[in-house]
Amino acid sequence: MKDSYYEHIIHGGDYNPDQWINTKEIWDEDMRLMDLAHINSATVGIFSWSLLEPEEGVYSFSWLDEIMDKLDRHGKKVILSTPSGARPPWMAEKYPEVLRVSENGIRNEYGVRHNHCLASPVYRKKVSEINRALAERYKDHPALFMWHISNEYSGECHCELCQQAFREWLKKEYDNDIEKLNFKWWGGFWSHRYSSFSQISSPKDRGENHVPALKLAWKRFVTDSHISFYENEIAPIRELTPEIPVTTNLMRFYNGIDYQKLSEHLDIVSWDNYPEWTHPDFLGIACETAFAHDIFRSMKNGKPFYMMESTPSLINWRPVNKLPASGITELAAIQAVAHGADSVQYFQWRKGRGGHEKFHGAVVDHCGKEDTRVFRDTEKLGRVLSQLDRAVGSRTKARAAVICDWENSWAVEGYCGYRRDGRDYFKVCERWYRAFWERGIPADVVPMDRDISGYDIVVAPYLYMLKDGTVQRLSSFVQNGGTLIATCLTGIADRDDLCYLGGFPAEELKDVFGVWCEETDSLYDDELSRIAYGEKEYKGTELCDILHLIGGETLGSFLSGFYKGSPAVTKNSYGKGEAYYVAFCPGDDFISDFISPLADKKGLLPDINASLPKGVIARKRGELIYLMNFTSQSKTVDFGETYTDHLTKSVLTSAVLPEYGYLILE
Ligand code: GAL
């Protein structure tokens, strides 16, 4: 599989010329402005179905021909979309079954987008036909560069077709053995022993939503439904354009679909990046975004990804949509590239005159002028990106990893007990990731079924669910010399949410960590646990595991609770490696102090050998080091050695980074 598809960083975004079909002079103006802004790509046709097929079976491609040709003449790569994200009204009128049924059992009316049934044979056929027509028409078009399948797959359908499909899926999953399902789902509880698969339907408030294994099965089924819908979408595309890569745009921490599984089916991962850059905790937002980039980068083992969407200015869907200051979009773009993006793309190129998103930021505003702050910023960024060919296709080698697993996120969110609130699994993982990020030590973010043998340090926060093979993978990682860190809520349940017997964490993990957990205490929202570790006292939130040592040693103890004095941080030597158990929910301070010596011991070096001021983050990708100032003050950095500024070619031993500034060093 190729690591890059173009020799330059892709700079472009969603382009909707179909909204301007009656004012075609705008199309020519778009070309002129795109050239000016160093735009080299356009993503076309995402929501064009009603123009592409105005009547059933009647295709109208002339406008798209014209746009594809125009874009080609201007040297732009076209990322051509399949239009399944929104359908023409005639289709819903004629075939209501294409519409989604919500959890309440009522079929939606025509409207909005993403409102389709995933199982509907009619919809699948219609999608396949339009995709085939597009692929046939443009397969030899010189501008065709990549396929963008649909838009942000999401949601679920509860229609009778989907229920049937779910039951068939369950039969396969449980070997057509209802007793196996009854055992796995602990059917004795509340008299839930099914005698037939036909008695099961999707989880819902007016029906069954208290069987944890059902909820997990449904999410797996919804994931597989999306994958099969996607496979149906790409079948004609693969057949007619086998050389053209295929992607679909993913959304940050959306966990309605197991993205880690879906990504296996994509040629290249792409995602839509909309951080709240105007939030007062700018550094926190930068860390969250870095974490997201590394999740997507890690999906295909470090292969570069595309940042398919981002806003060049503001968004329109938060309660308050504040304008980010100049420089922030550029810094965000550089951050994406530093973390492995081979593209910087926007939603959207030009603001529409009407519709729900008419006030969403765009490179070209309603004024239509190039003499605007946003246009100038985009043009400047375009120039920078055109100097980053060396970045394209390059990778980052990480020796640390954080396990953050989509299926585990469902399990952590789904069980009933301990605390109802504060279960932000992705946030907990990000907190551990941050200790590496702030030090400039690259970390991968991987699912629990990934081969981890190549890492030196692996952190597995809240690893509540264990999939088949996880215990073995973790224990051989430590056996072979790895450093493993787990936290409270580890090794509790299997993939059907059946608790392990014999004490947590499950099975040999007790030997690996040299501890077992007898009880878990939950704290009230305003309650903190107190922990003595090293010379300091730390505070924890949410949960505390009450541990027994079985070979492990205590490094830190609880100072609070009736379990005062019991181990809060433990270490165990196992094989050639070490396993640490952090029995509470620590804050950034503890995590940072805890990770630092472990990283030093393993020789995990920062990407730049200079002590960086707080808020300045370094990241090496390929041969270039990106130094980013995520603060609103200028910062001076002494490198201690000589670097060349990649953009200006000046030789530097120190530099002043302006607010939200960055440097790219060779
Ligand atoms: C994305 C979506 C785009 C647009 C954008 C606005 O999630 O893919 O079509 O709606 O949000 O921020």
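Figures for the structure shown
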| item | result |
| --- | --- |
| Leading residue by the ranking (surrounded by the most Cβ atoms within 10 Å (Cβ to Cβ)) among those in region 374-383 that are in contact (Cβ under 8 Å) with a residue 12 or more places away in the chain and away from the ligand (no atom under 16 Å from the Cβ) | Thr378 |
| Exclusive hit being over 30 Å from Val344 (Cα atoms), away from the ligand (no atom under 16 Å from the Cβ) and not small (Gly, Ala, Ser), set Pro242, Pro236, Pro212 | Pro212 |
| Some residue of region 467-479 being among the aromatic types (Phe, Trp, Tyr) and more than 20 Å from the chain's Cα centre (by Cα) | yes |
| Number of the exception - Arg318 against (1) touching an Asp or Glu at 6+ places or on another chain (Cβ under 8 Å); (2) surrounded by 16 or more Cβ atoms within 10 Å (Cβ to Cβ); (3) charged (D, E, K, R) | (2) |
| Count of region 245-261 residues which are outside any loop (DSSP other than H, G, I, E, B), away from the ligand (no atom under 16 Å from the Cβ) and crowded, with 19+ Cβ neighbours inside 10 Å | 2 |
| Flag if Asn108 is open to solvent by 20 Å² or more (accessible area, probe 1.4 Å), within 16 Å of the ligand (Cβ to nearest atom) and closer than 29 Å to Tyr274 by Cβ | no |
| Leading residue by the ranking (farthest from the chain's Cα centre (by Cα)) among those in region 262-277 that are acidic (Asp, Glu) and away from the ligand (no atom under 15 Å from the Cβ) | Asp267 |
| Leading residue by the ranking (nearest to the ligand (Cβ to nearest atom)) among those in region 18-39 that are charged (D, E, K, R) and in contact (Cβ under 8 Å) with a residue 60 or more places away in the chain | Asp30 |
| Selected residue (criterion: nearest to Gly85 (Cα to Cα)) from residues of region 229-244 that are open to solvent by 70 Å² or more (accessible area, probe 1.4 Å) and outside any loop (DSSP other than H, G, I, E, B) | Glu231 |
| Residues of region 51-86 classified as open to solvent by 10 Å² or more (accessible area, probe 1.4 Å) and within 16 Å of the ligand (Cβ to nearest atom), total | 1 |
| Cβ pairs under 6 Å, 6+ apart, first in region 351-373 and farther than 15 Å from Asp14 by Cβ and open to solvent by 80 Å² or more (accessible area, probe 1.4 Å), second assigned to a loop (DSSP other than H, G, I, E, B) and within 16 Å of the ligand (Cβ to nearest atom) | Phe359/Asn316; His366/Lys351 |
| Inter-residue pairs, beta-carbon under 7 Å, first under 16 Å from Val446 (Cβ atoms) and in region 246-274, second more than 15 Å from the ligand (Cβ to nearest atom) and among the hydroxyl-bearing types (Ser, Thr, Tyr), 6+ apart | Asn255/Ser409; Asp258/Thr223; Lys261/Thr223; Leu262/Thr223; Val269/Ser263 |
| Region 87-105, residues that are acidic (Asp, Glu) and open to solvent by less than 70 Å² (accessible area, probe 1.4 Å) | Glu97 |
| Condition met for Phe166 (under 30 Å from the mean Cα position of the chain (by Cα) and assigned to a strand (DSSP E or B)) | no |
| Matching residues, region 394-441, being farther than 30 Å from Ile608 by Cα, among the charged types (D, E, K, R) and not in a helix (DSSP H, G or I) | Arg419, Arg420, Asp421, Arg423, Asp424 |
| Matching residues in region 305-358 - criterion: being among the aromatic types (Phe, Trp, Tyr) and more than 14 Å from the ligand (Cβ to nearest atom) | Phe305 |
| Matching entry among Leu501, Leu463, Leu474 (being in a loop (DSSP other than H, G, I, E, B) and open to solvent by less than 10 Å² (accessible area, probe 1.4 Å)) | Leu463 |
| Candidates Ser632, Ser650, Ser611, Ser592, filtered to the one that is under 30 Å from Ile546 (Cα atoms) and either touching a residue at least 12 places away in the same chain (Cβ under 8 Å) or out of contact with any helix residue (DSSP H, G or I) (no Cβ under 6 Å at 6 or more places or on another chain) (or both) | Ser592 |
| Residue within region 6-17 that is surrounded by 24 or more Cβ atoms within 10 Å (Cβ to Cβ), closer than 13 Å to Ser81 by Cα and either more than 16 Å from the ligand (Cβ to nearest atom) or of a type in the set (Gly, Ala, Ser) (or both) present | yes |
| Test: residue in region 278-301 that is assigned to a loop (DSSP other than H, G, I, E, B), touching a residue at least 60 places away in the same chain (Cβ under 8 Å) and within 16 Å of the ligand (Cβ to nearest atom) | no |
| Test for Ile485: is it touching a strand residue (DSSP E or B) at 6+ places or on another chain (Cβ under 8 Å), assigned to a loop (DSSP other than H, G, I, E, B), at pLDDT 95 or above and not polar (S, T, N, Q) | no |
| Residue that is surrounded by the most Cβ atoms within 10 Å (Cβ to Cβ), among those in region 384-439 that are closer than 30 Å to Arg495 by Cβ and among the hydroxyl-bearing types (Ser, Thr, Tyr) | Tyr433 |
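The values are calculated or read from the model by the stated rules, or taken from the named source; none is laboratory data. No experiment lies behind these values; they were computed from the predicted model shown. Quick reminder, even Gly has a Cβ in these numbers, built from the backbone with ideal geometry, and neighbours come from all protein chains shown. Please note that ligands, DNA and RNA were not included when accessible areas were found on the heavy atoms of the full protein model with its side chains. Shrake-Rupley method; radii C 1.70, N 1.55, O 1.52, S 1.80 Å.
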